[in-house]
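**Q** Structure in structure tokens, see below.
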Amino acid sequence: MKKYIFLPCLLLFCMLTNGFSQNVYSLQDPVSTRSFNPEKYSGIRGTPFLVDKWYKGTVTTPKGVYQNLELKFDVYENTLFFNKDDESFELLDEIISFTLMPKPGDEAGYLVFRKGISGAGLSGREYVQVLLEGQVGLYKLPLKQVSEMSEINAGIVKTLTNNSKYYISKDKQLRFIKLSKAEVLNALSDKQDKIQSYIDEKKLSFRKEADLVDVLKYYNSL
């Protein structure tokens, strides 16, 4: 008798658990009372956003994942906004990570940002872009800086300009790295000869981040 009573209860428990899991991990319609105030950037040229248009994306929070949102990342304020009825709102939920999808379905072009990466000057509160993960990881901190220039008939003009910092994760240590051959070879000194040969063969100049990603992928394949 116990056998026949227990099985239906077990099935019911599994059904409830599965339903609860779906509710936890698949969230919709985030709410917020904090809206974006464009006035704080009035008088400043340029955009505070990573990209000045809405991208489809997902947001991961401790409660679960919000799917199919329209997102903008305010790099200057390190703040993520979502589009609701053509207005920009900040999520009230704590955000663990988010993904921007310039072309939904083309995962190679997705931009993944994560909080909690700390060390080498990073506090863990910044949204850091994940460029590569593996034995050696690569992370990018996008920055927006306000520069001032004096223009004829305009006086002092403020402009938001782009900058970036790169960090390598190796042996559970995070280190800041510049886009230069010398710094890359120093960071990968345990396999320097092979890395040097690969750089020479591919004629990498490190004028762009793609070269750094290429070398680190090669390192992880050794």
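The values are calculated or read from the model by the stated rules, or taken from the named source; none is laboratory data. Note that this is a predicted model, so its numbers are computed, not measured. Here the Cβ is made from the backbone with ideal geometry for all residues, glycine too, and neighbour counts use every protein chain on show.
To keep it simple, each residue is scored yes or no on (1) modelled with pLDDT under 80; (2) closer than 23 Å to Lys165 by Cα.
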{"residue": "Thr17", "(1), (2)": "yes, no"}
{"residue": "Leu27", "(1), (2)": "yes, no"}
{"residue": "Pro62", "(1), (2)": "no, no"}
{"residue": "Val65", "(1), (2)": "no, no"}
{"residue": "Leu100", "(1), (2)": "no, yes"}
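**Q** In segment 152-174, what residues are surrounded by fewer than 16 Cβ atoms within 10 Å (Cβ to Cβ) and either of a type in the set (S, T, N, Q) or touching a residue at least 40 places away in the same chain (Cβ under 8 Å) (or both)?
**A** If the condition is that a residue be surrounded by fewer than 16 Cβ atoms within 10 Å (Cβ to Cβ) and either of a type in the set (S, T, N, Q) or touching a residue at least 40 places away in the same chain (Cβ under 8 Å) (or both), then Asn153, Val157, Lys158, Thr159, Thr161, Asn162, Asn163, Ser164, Gln173 are the ones that fit.
**Q** Oh, and also: Of all the residues that make up segment 116-148, how many are closer than 16 Å to Ile177 by Cα and not in a loop (DSSP other than H, G, I, E, B)?
**A** 16
**Q** Within segment 57-72, identify whether any single residue is in contact with an Asp or Glu (Cβ under 6 Å, 6 or more places away or on another chain) and surrounded by 12 or more Cβ atoms within 10 Å (Cβ to Cβ), and answer yes or no.
**A** Looking for residues that are in contact with an Asp or Glu (Cβ under 6 Å, 6 or more places away or on another chain) and surrounded by 12 or more Cβ atoms within 10 Å (Cβ to Cβ), one finds at least one in segment 57-72, hence yes.
**Q** Which ones in segment 136-150 are of a type outside the set (Lys, Arg), under 14 Å from Arg175 (Cα atoms) and out of contact with any Lys or Arg (no Cβ under 6 Å at 6 or more places or on another chain)?
**A** Gly137, Leu138, Tyr139
**Q** In segment 130-151, what residues are farther than 19 Å from Thr47 by Cα and of a type outside the set (D, E, K, R)?
**A** Once the filter is applied, which keeps residues that are farther than 19 Å from Thr47 by Cα and of a type outside the set (D, E, K, R), segment 130-151 yields Val130, Leu131, Leu132, Gly134, Gln135, Val136, Gly137, Leu138, Tyr139, Ser150.
**Q** Arg114 is checked against (1) buried (at least 16 other Cβ atoms within 10 Å of the Cβ); (2) among the basic types (Lys, Arg); (3) in contact with a helix residue (DSSP H, G or I) (Cβ under 7 Å, 6 or more places away or on another chain) and fails just one. What number does that condition carry?
**A** (3)
**Q** Of the conditions (1) surrounded by 15 or more Cβ atoms within 10 Å (Cβ to Cβ); (2) at pLDDT below 80, Tyr4 clears all except one; give me its number.
**A** It fails just one condition, (1).
**Q** Any residue in segment 82-102 that is polar (S, T, N, Q), surrounded by 12 or more Cβ atoms within 10 Å (Cβ to Cβ), farther than 23 Å from Val184 by Cβ and more than 10 Å from the chain's Cα centre (by Cα)?
**A** Checking segment 82-102: at least one residue is polar (S, T, N, Q), surrounded by 12 or more Cβ atoms within 10 Å (Cβ to Cβ), farther than 23 Å from Val184 by Cβ and more than 10 Å from the chain's Cα centre (by Cα).
**Q** Scan segment 39-66 for residues that are part of a loop (DSSP other than H, G, I, E, B), among the hydrophobic types (A, V, I, L, M, F, W, C) and over 14 Å from the mean Cα position of the chain (by Cα) and jot them down.
**A** Correct list: Trp54 only.
**Q** Now, a different point. Applying the selection to segment 193-209, what residues are surrounded by 11 or more Cβ atoms within 10 Å (Cβ to Cβ) and within 29 Å of the chain's Cα centre (by Cα)?
**A** Ile195, Tyr198, Ile199, Lys202, Leu204, Ser205, Phe206, Lys208, Glu209
**Q** Please specify each residue of segment 67-94 satisfying the condition of being assigned to a loop (DSSP other than H, G, I, E, B) and under 13 Å from Arg34 (Cβ atoms).
**A** Scanning segment 67-94 gives Glu77, Leu91, Leu92, Asp93.
**Q** In segment 137-151, which residue that is touching a residue at least 12 places away in the same chain (Cβ under 8 Å) and among the hydroxyl-bearing types (Ser, Thr, Tyr) is surrounded by the fewest Cβ atoms within 10 Å (Cβ to Cβ)? Break it down into steps so the answer makes sense when it comes.
**A** Filtering segment 137-151 for residues touching a residue at least 12 places away in the same chain (Cβ under 8 Å) gives 137-147.
Checking the rest, the ones that are also among the hydroxyl-bearing types (Ser, Thr, Tyr) come to 139, 147.
Values: Tyr139: 23, Ser147: 11.
Across segment 137-151, the extreme among qualifying residues is Ser147.
**Q** Now for a different question. Could you check, for segment 162-183, whether at least one of its residues is under 28 Å from Arg34 (Cα atoms) and more than 14 Å from the chain's Cα centre (by Cα)? Even if it seems obvious, please write down each step before you answer.
**A** The first filter runs over segment 162-183 and keeps only residues under 28 Å from Arg34 (Cα atoms), leaving 162-164.
Narrowing the set further to residues that are more than 14 Å from the chain's Cα centre (by Cα) leaves 162-163.
Taking every residue of segment 162-183 in turn, at least one turns out to be under 28 Å from Arg34 (Cα atoms) and more than 14 Å from the chain's Cα centre (by Cα).
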